[in-house]
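K.L.:
Here's a structure for you.
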Amino acid sequence: MAAVGAPASTQESGLQCAAELQIWDDVGWEAWLRGRLASGPFAVPGPCVLDVSEDVILSYPQSDFALVEQDLRAAFPQGVARKLEDAIRDEVTTCLTVRRELINYKKLCLHMWKAGSTVEKDLRQLASFFYIDLVAETPSEEQRKLYSDVSNTMNECRGAVSVIWDARYFGKAICNLPRHPDSGVPWKFEELPESLEVWKSLERARQFVSSHAELDAYLALRWGRRMQENCSSKGAAGEETAEYGAEASMPSKPPAKKDLAWKSERVLVQSPLSTDGLHELLKAIKSTGLPLPRAALRYIELVLIARGMSKAMTLRTTLRRYCVALRQVQASAEEVRADLRNLLDCQPSETSASAGLHSFCEKYWRMMSGVVAVVPEMLQWLEPISELHGDAERLFVSGAKGAAAFVPRGFSDLLQPYRAFAKEHRGRMLEALSKGKWPKSARPNAQEEINLLPCRHCGEKYTRLWLHRELCFVCEARLRSEGRCPFNDKCAPASFCPHERLCAVCEQHSCEECRLLRGDGEDVWQVVGHWQPAAVFLDFDRTLATTKRGGSPLIGNHSVDPDLATVCGSHGCVQIVTRSSRKEDILQFLAQKGVPISRVHSLKRDGWTSKSQVIVQEMAKLEAQGGRGLFVDDDIKELTDPGLQPLVDAGRLQRFLFVRAGGKE
């Protein structure tokens, strides 16, 4: 039998190929394969692919076709492995490209959603500040128009932000699909478009349209009885009884909006989405015509599952399904918006206008206008992403905390109109607030509002809308102007960005000018790929590994961050810089997990007093080549050590505040 791994002759016949694959039919094929994967020239670092299951799949490095090549070349002759790789390479690398772009796009949507939520709150504050009672008050035409403009802009912004939130949520859910096909998929993917958040607003607007005539009749009847009550004498008890009886006989109010049932987002269901991609890859494998035994096919299947190739196929299919759902949202929103426009164009009755029915119609029309404006912008990029090829150029680069943000030409600032409107009127509001002219909604009478909260600096009490993390507007602005974090006295000035006047820790802020970024393992992976540092310095406890306070990684059930592990496997110079004294345990643990690193620096064992000393020394070795470094740590104090500042100022060191995925948003 030919030696596995030997070069395959171009004249190799089907019989020779079958002979080379004969070992897969032997009883001892598994022991033979485990031996090759564990040691020798074809050894594969990390847990054995043959042991992959739903419980341990996150321990396997993924999303790099080189991992598949390594697994196949360890198990098959060179010629066979090459045919297998060629059969799936284009499809898999294309899906991995789609995954890469979607990861960055959904993180960009996170920034847009956070910015949109801020703008929406600004508009709510403006609406509260400029509020007028259109029924009880007699405002001037200017006051009426201003309040109407603020309210309309706020509702339109709300519709736009709901679409951005959906794009963020479903983009993340697609990227976080279970890697193992037996796990299923989140139920929301099986109930699109109804499971979209924006669909709830659409359904409520549709319900309002269908109930409009009934609501108008009901309010007309109620308004008429109220007018009779105001005109009647209130002295006689008999009249009061008659009025009470009339009120009691009022018909029930028609539903103005549709009540929607709640369902946990974590429920997984079985779906063809989980398995179709894997079946497609296996079909491509079988199309090679190679006489692969059943055991060999099973091994290839496990490789595709463990290395995330089947998940990448599922990701692309699911993204396309989401795009179809957005098309349905667009069509439905335009239809409902047209119905609402027809209602608005009709002259409202005095009763419906007084009861606010016309205003509700305007509210829903504005929300649908926001939806109709943003959905096409989302599809403009999501549909091309779903059709990318493996050699496509990068479109988006973004981190979850703003670690890096690059967008293609033509990408619109979806929030610009709402941001500009809020900025235009916010100055007028802040000027009035600084003079003590707070609106009634901020400081209502004690008998009107009991949920007043004190500002923790000045002690003045306000409603929740007018406080941000227990601070009033005036105190927050003063603290920021002093270059201090307004929310935590323990935050040092070094963690406060002087450019945007935001705290890297408390406000999840990243700043390229400060060279201080923030994010999770995926963000580190993106920055390494974009910035190409000569050296990467990783903290160990609570960063690369789940250990804490210098504990041994060999005690207990500890794991490594999969994205940081990928960085270690793909970068040639990753060094661990840790305060832990468990140097040998760390080396053994990383070897067991298949995570290659260049060196472990233990401050306690090597006689250092700070991590900055280690990094400065290592960076000095790269100075002649002008090499740059990346320092990743979960402790802001380590990152802002004064000893690192010369490297930061020289542009040779990028700092990265690491936050684990799952607890960052």
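K.L.:
Out of the residues in the range 167-192 meeting the condition of being more than 9 Å from the chain's Cα centre (by Cα) and without any contact (Cβ under 8 Å) to a residue 60 or more places away in the chain, tell me which one is farthest from Val49 (Cα to Cα).
P.N.:
Out of the qualifying residues, it is Glu191.
K.L.:
Kindly indicate which of Arg168, Arg158 is farther than 30 Å from Pro439 by Cβ and crowded, with 18+ Cβ neighbours inside 10 Å.
P.N.:
The conditions single out Arg168.
K.L.:
Follow-up. For Leu134, which of the numbered conditions (1) modelled with pLDDT of 85 or more; (2) in contact with a Gly (Cβ under 9 Å, 6 or more places away or on another chain); (3) among the aliphatic types (A, V, I, L, M) fails to hold?
P.N.:
Of everything listed in (1) modelled with pLDDT of 85 or more; (2) in contact with a Gly (Cβ under 9 Å, 6 or more places away or on another chain); (3) among the aliphatic types (A, V, I, L, M), Leu134 misses just condition (1).
K.L.:
I'm trying to understand the selection: among the residues of the range 67-78, which are more than 19 Å from Thr566 (Cβ to Cβ) and open to solvent by 10 Å² or more (accessible area, probe 1.4 Å)?
P.N.:
Hits for the range 67-78 are Arg73, Gln78.
K.L.:
Residues to consider are Leu326, Leu343; find the one that is in a helix (DSSP H, G or I), over 22 Å from the mean Cα position of the chain (by Cα) and crowded, with 16+ Cβ neighbours inside 10 Å.
P.N.:
Result: Leu343 is the single residue among Leu326, Leu343 that is in a helix (DSSP H, G or I), over 22 Å from the mean Cα position of the chain (by Cα) and crowded, with 16+ Cβ neighbours inside 10 Å.
K.L.:
Okay, next question. Exactly one of (1) polar (S, T, N, Q); (2) closer than 18 Å to Pro439 by Cβ; (3) not in a helix (DSSP H, G or I) is unmet by Thr138. Its number?
P.N.:
So the condition that Thr138 fails would be (2).
K.L.:
Return the total of residues in the range 462-479 being farther than 15 Å from Leu430 by Cβ and either β-branched (Val, Ile, Thr) or in contact with a His (Cβ under 8 Å, 6 or more places away or on another chain) (or both).
P.N.:
Looking only at that region, the number is 2.
K.L.:
Next up: Looking at (1) assigned to a helix (DSSP H, G or I); (2) of a type in the set (D, E, K, R); (3) touching a residue at least 40 places away in the same chain (Cβ under 8 Å), which is the one condition that is false for Lys114?
P.N.:
For Lys114, the exception is condition (3).
K.L.:
Next up: Please pick out the residue among Gly277, Gly356 that is on the phi > 0 side of the Ramachandran plot and out of contact with any strand residue (DSSP E or B) (no Cβ under 7 Å at 6 or more places or on another chain).
P.N.:
Step by step, each of Gly277, Gly356 is checked, and only Gly356 is on the phi > 0 side of the Ramachandran plot and out of contact with any strand residue (DSSP E or B) (no Cβ under 7 Å at 6 or more places or on another chain).
K.L.:
Those residues that are within 18 Å of Leu603 (Cβ to Cβ), open to solvent by less than 40 Å² (accessible area, probe 1.4 Å), part of a loop (DSSP other than H, G, I, E, B) and not small (Gly, Ala, Ser), I need them from the range 521-564; list them, please.
P.N.:
Residues satisfying the conditions are Asp539, Phe540, Thr543, Leu544, Thr547, Pro553.
K.L.:
Which of the residues belonging to the range 295-320 are surrounded by fewer than 17 Cβ atoms within 10 Å (Cβ to Cβ) and more than 19 Å from Leu37 (Cβ to Cβ)?
P.N.:
Arg320
K.L.:
Has the range 502-517 got any residue that is surrounded by fewer than 13 Cβ atoms within 10 Å (Cβ to Cβ) and modelled with pLDDT of 85 or more?
P.N.:
There is at least one residue in the range 502-517 that is surrounded by fewer than 13 Cβ atoms within 10 Å (Cβ to Cβ) and modelled with pLDDT of 85 or more.
K.L.:
For the range 565-657, which helices (runs of 4 or more DSSP H) that fit wholly inside it have 3 or more residues that are in contact (Cβ under 8 Å) with a residue 12 or more places away in the chain and open to solvent by 10 Å² or more (accessible area, probe 1.4 Å)?
P.N.:
So the answer is 583-592, 611-621, 636-639.
K.L.:
Can you pull out the residues in the range 174-186 that are open to solvent by less than 30 Å² (accessible area, probe 1.4 Å) and either among the charged types (D, E, K, R) or under 18 Å from Gln328 (Cβ atoms) (or both)?
P.N.:
Ile174, Arg179
K.L.:
Could I ask something else about it? Can you report the number of residues in the range 611-646 which are within 19 Å of Pro493 (Cβ to Cβ) and in contact with a Gly (Cβ under 9 Å, 6 or more places away or on another chain)?
P.N.:
Counting residues in the range 611-646 that are within 19 Å of Pro493 (Cβ to Cβ) and in contact with a Gly (Cβ under 9 Å, 6 or more places away or on another chain) gives 1.
K.L.:
Something else about it: In this structure, does Phe189 turn out to be buried (at least 20 other Cβ atoms within 10 Å of the Cβ) and not β-branched (Val, Ile, Thr)?
P.N.:
Yes: the conditions hold for Phe189.
K.L.:
Also: Would you check if Arg484 is surrounded by fewer than 22 Cβ atoms within 10 Å (Cβ to Cβ) and in contact with a strand residue (DSSP E or B) (Cβ under 8 Å, 6 or more places away or on another chain)?
P.N.:
Taking the combined requirement at face value, the residue satisfies it.
K.L.:
Exactly one of these conditions fails for Ser232: (1) at pLDDT 90 or above; (2) of a type outside the set (D, E, K, R); (3) open to solvent by less than 80 Å² (accessible area, probe 1.4 Å). Give me its number.
P.N.:
(1)
K.L.:
Here are Ala338, Ala373: which of them is assigned to a helix (DSSP H, G or I), more than 28 Å from Thr94 (Cα to Cα), open to solvent by 10 Å² or more (accessible area, probe 1.4 Å) and free of Cβ contacts under 8 Å to residues at least 40 places away in the same chain?
P.N.:
Of Ala338, Ala373, the one residue that is assigned to a helix (DSSP H, G or I), more than 28 Å from Thr94 (Cα to Cα), open to solvent by 10 Å² or more (accessible area, probe 1.4 Å) and free of Cβ contacts under 8 Å to residues at least 40 places away in the same chain is Ala338.
K.L.:
Within the group Arg409, Arg443, which residue is more than 25 Å from Phe487 (Cβ to Cβ) and modelled with pLDDT under 75?
P.N.:
Testing whether each residue is more than 25 Å from Phe487 (Cβ to Cβ) and modelled with pLDDT under 75 leaves just Arg409.
The values are calculated or read from the model by the stated rules, or taken from the named source; none is laboratory data. Quick caveat, the model's predicted, so the values are computed rather than measured. For neighbour counting, all protein chains shown are included, and Cβ atoms are generated from backbone atoms with ideal geometry for every residue, glycine included. Keep in mind that these areas ignore ligands, DNA and RNA; they rest on the heavy atoms of the full protein, side chains included. Shrake-Rupley method; radii C 1.70, N 1.55, O 1.52, S 1.80 Å.
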